[in-house]
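The values are calculated or read from the model by the stated rules, or taken from the named source; none is laboratory data. Computed from a predicted model, the values in this text were never measured in an experiment. Cβ: placed from backbone, ideal geometry, glycine included. Neighbour counts: every protein chain shown.
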Amino acid sequence: MTLAAECRLSGCIMLPMISSRQGSERLDAQLLVDSTPALMNTARPDGYHDFFNKTCLNYTGCSLEDLQGMKWAASVHSEDVEGMVNAWRTSVASGEPFLYEARVRRADGQYRWMLHQKVAVRDEQENIVKWYGTSIDIDDRKRADDKTRAQESGVVKVTRKCFG
């Protein structure tokens with residue numbers, strides 16, 4: 001299968017950039033995007049998500065078509081989706097970077113906390129030409145932070161009871 005054909009199937013961020021390169025350099029750029037542990041995505045200036053790397057597709061168990069546009073929101077935990085969508089719309093309207101923590105459903109059905117970040121790339125006139133984003137798994141850190149907070153709260157309660 002040609003690189004162009006594979007990109008049509010999985011969504012290829014690098015095709016315009018790599019089509020002018022030769023040999024292994026062309027494949028190295030796509031390999032980098034698809035082998036990174038981060039879930040990567042791009043969106044058009046209007047916020048429409050048009051690309052997700054293979055790591056993201058494998059993580060969610062979804063196809064590119066299942067996630068494009070705003071369909072990615074179906075993979076976000078029901079308690080987090082409204083806030084995340086509102087924050088994304090605010091970033092698209094303002095052009096400010098997007099930063100949000102939300103749970104995302106893995107292909108096995110388990111939800112894990114992810115840190116989602118997106119930045120706008122602008123042209124010479126400061127118009128947004130593309131949004132580039134990553135999502136990284138922060139579930140273990142988030143659970144450890146929650147455990148630490150609970151332990152600290154318990155110490156405060158005992159201290160107040162004994163000395164208060």
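Of the residues that make up region 33-46, is at least one farther than 16 Å from residue 133 by Cα, out of contact with any strand residue (DSSP E or B) (no Cβ under 7 Å at 6 or more places or on another chain), of a type outside the set (Asp, Glu) and exposed (fewer than 13 other Cβ atoms within 10 Å of the Cβ)? No, region 33-46 contains no residue that is farther than 16 Å from residue 133 by Cα, out of contact with any strand residue (DSSP E or B) (no Cβ under 7 Å at 6 or more places or on another chain), of a type outside the set (Asp, Glu) and exposed (fewer than 13 other Cβ atoms within 10 Å of the Cβ). When 59, 48 are checked against the criterion of being of a type outside the set (S, T, N, Q), at pLDDT 85 or above and in contact with an Asp or Glu (Cβ under 9 Å, 6 or more places away or on another chain), 59 stands alone in meeting it.
Given the structure, is residue 107 in contact with a His (Cβ under 9 Å, 6 or more places away or on another chain) and at pLDDT 95 or above? When the stated conditions are applied, residue 107 does not pass them. Contact annotation: residue pairs with Cβ atoms under 9 Å, 6 or more positions apart or on different chains, pairing a residue in region 122-144 that is assigned to a strand (DSSP E or B) with a partner that is surrounded by fewer than 17 Cβ atoms within 10 Å (Cβ to Cβ) and of a type in the set (Gly, Ala, Ser), are 122/95; 128/95.
When residues in region 131-156 are screened for being among the aliphatic types (A, V, I, L, M) and at pLDDT 95 or above, 2 of them pass. Considering 75, 63, 91, the condition of being under 17 Å from residue 38 (Cβ atoms) and small (Gly, Ala, Ser) is satisfied by 75 alone.
Is there a residue in region 101-119 that is outside any loop (DSSP other than H, G, I, E, B), touching a strand residue (DSSP E or B) at 6+ places or on another chain (Cβ under 8 Å), more than 22 Å from residue 142 (Cα to Cα) and not aromatic (Phe, Trp, Tyr)? Yes: one or more hits.
Among the residues of region 93-118, those identified as aliphatic (A, V, I, L, M) and out of contact with any Asp or Glu (no Cβ under 7 Å at 6 or more places or on another chain) are 93, 99, 104, 107. All conditions but one from (1) under 11 Å from the mean Cα position of the chain (by Cα); (2) surrounded by 13 or more Cβ atoms within 10 Å (Cβ to Cβ) apply to residue 99; the one that does not is (2). The lone criterion from (1) surrounded by 17 or more Cβ atoms within 10 Å (Cβ to Cβ); (2) of a type outside the set (A, V, I, L, M); (3) closer than 19 Å to residue 114 by Cβ; (4) modelled with pLDDT under 95 left unmet by residue 7 is number (3). Does region 78-92 contain any residue that is modelled with pLDDT under 95, out of contact with any Lys or Arg (no Cβ under 7 Å at 6 or more places or on another chain) and in a helix (DSSP H, G or I)? Checked against the condition, which is being modelled with pLDDT under 95, out of contact with any Lys or Arg (no Cβ under 7 Å at 6 or more places or on another chain) and in a helix (DSSP H, G or I), region 78-92 yields no hits at all.
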